[in-house]
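The block underneath contains the structure these notes are about, expressed in structure tokens.
The values are calculated or read from the model by the stated rules, or taken from the named source; none is laboratory data. Not measured: the values here are computed from a predicted model. Cβ atoms come from the backbone with ideal geometry, glycine included; neighbour counts cover every protein chain shown.
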Amino acid sequence: MMSQHAPIDTTSPLRAKVNRPSLDCLHRRSTQPHSEPGKPFTTNVMVPPLEFAKMNLAFYADLISALEKDDNNSQTATSPVATAKRITSFNMSRNASWSQISSSSGLPKTFHAPGMKTDVRIRVFEREFHVHSVVLRLYSAFFRTFLDSADKGLATSEGQFRYDYVSVLDPDGSWGLEVAKSGMQSPTILSPLKEGMEPRSDEVAFEKLLCAMYHKKYCINSLRELSDMTRLADFYCCLPTFSTSLYSALWHSPLLIAEIPSNCNSTLILAQKLRHPLLFREALVHVVCQWKGYSHFLEGHYGLVCSVTSAYNRVCERLLAANQELFLAMNLGGQVRVDICAATGDLERQQTPTQNAHFYRHLYNQWECEQEDGMQKVMEALRVLLENNLVLERKGGLAGEDEYKHGFLCAEISDSELPWNMEEEDW
């Protein structure tokens, strides 16, 4: 469903706020006439949700179109993604709360809340959801604004629902919710669907976003799905709620975690959008591990460049400390000098210094069992350099071995260096 869009015009007062929807810009109808031609919009000019969705979609369209691909499209058994999928290959469908999301029976999906009856019906393409207005108001600034707006429709003919919304497709391939009129079907199509649009993926993303609001378990099966959910959470003004729910969801999403190494830059950008420290640090470790110089993918993301540079510099500091201890250890002579000289045969001159982790892993493994006197400091320096700071990846990879033969996994960043305001609770 993602498509290319022209760059967002940040000189426009409306478009400059595209990354964080302003409730002043989200009203469906204008209560006053539009500004005269040539004059900027006034603050009381209100934009239909579909118009706003067009602008908001550009961020995610650019992100998805730039997702990195594996050098070899046919994943081998030794690739990081294939290995992670094999090691964490438990079946999500064993849990009913997950399997219901992955298969649509055509029946309405009802979310339950103790002591309350559903009073909102939302039809997203072929899926129908019955939810509670109080939950939507609590976790979504979008619904807080619109549920009681003058635009809301009357109760449905069934008499069960106070609010009734239906998905409406826009000519550019985006969609939004509109108040359902009598006899209105979902989706209401304003023009033919764009090539590549996938309504099914947004149905699933919307359902899982509702799961986040209701604190229900769910998993995320791909980076594309995470991007879809982030886009919807951004538009419906519930990014904080979705971000908080990820602390649980990430532990049950091995397929998503398996995609991070080969798509670490994309993941880093999404993690910044979600302001999620755990996901950000996981992606950061992979970005620094694969770092071979400035990445064009991060152009325009100054905060991310600063974070990556800071983390990379710390890895270099550990590398310098380890090299210093190795030089001093050579003074011990004997077998230590022989081991170091022999290990240098595996160094690859064409690689950057931070892409020779296998050299340090070889020495560490060789000396771990039998240490000569005076080797304590060099072993500690090697241990710190070869630390694995990955948290979500469960296969126990080691820097300098297998798929991480060349890269270090010890990148880290403090809370104060994260590229967002940690004190801000709503964004």
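Annotation: LEU390 fulfils all but one of (1) under 18 Å from LEU328 (Cα atoms); (2) at pLDDT 95 or above; the unmet one is (1). So which residues in segment 204-229 are closer than 16 Å to SER248 by Cα and of a type in the set (Val, Ile, Thr)? Within segment 204-229, ILE220 is the sole residue that qualifies. Report, ordered by the first and then the second residue, all pairs with beta carbons closer than 6 Å, sequence separation of six or more or different chains, a first member in segment 342-363 that is within 17 Å of MET330 (Cα to Cα), and a second member that is surrounded by fewer than 17 Cβ atoms within 10 Å (Cβ to Cβ) and of a type in the set (A, V, I, L, M, F, W, C). These pairs meet every condition: PHE359/LEU347.
Taking the criterion of being crowded, with 18+ Cβ neighbours inside 10 Å, hydroxyl-bearing (Ser, Thr, Tyr) and in contact with a helix residue (DSSP H, G or I) (Cβ under 8 Å, 6 or more places away or on another chain), would at least one residue in segment 388-411 satisfy it? Checking segment 388-411: at least one residue is crowded, with 18+ Cβ neighbours inside 10 Å, hydroxyl-bearing (Ser, Thr, Tyr) and in contact with a helix residue (DSSP H, G or I) (Cβ under 8 Å, 6 or more places away or on another chain). Assuming ALA249 fulfils every condition listed in (1) surrounded by fewer than 17 Cβ atoms within 10 Å (Cβ to Cβ); (2) outside the structural domain of LEU390 (by TED's automatic domain parsing) apart from one, which condition is it? Of the numbered conditions (1) surrounded by fewer than 17 Cβ atoms within 10 Å (Cβ to Cβ); (2) outside the structural domain of LEU390 (by TED's automatic domain parsing), the odd one out for ALA249 is (1). Kindly establish whether ASP172 is more than 22 Å from the chain's Cα centre (by Cα), modelled with pLDDT of 70 or more and assigned to a loop (DSSP other than H, G, I, E, B). So ASP172 fits the description; yes.
In segment 254-345, which helices (runs of 4 or more DSSP H) lie fully inside it and hold 1 or more residues that are over 12 Å from the mean Cα position of the chain (by Cα), at pLDDT 90 or above and not assigned by TED's automatic domain parsing to the domain that holds ASP373? Break it down into steps so the answer makes sense when it comes.
Details: elements: 254-259, 264-274, 277-289, 302-329, 334-343.
Per the criteria, 254-259, 277-289.
Taken over segment 327-345, the criterion of being under 26 Å from GLY293 (Cα atoms) and either basic (Lys, Arg) or surrounded by 14 or more Cβ atoms within 10 Å (Cβ to Cβ) (or both) is satisfied by ALA343 alone.
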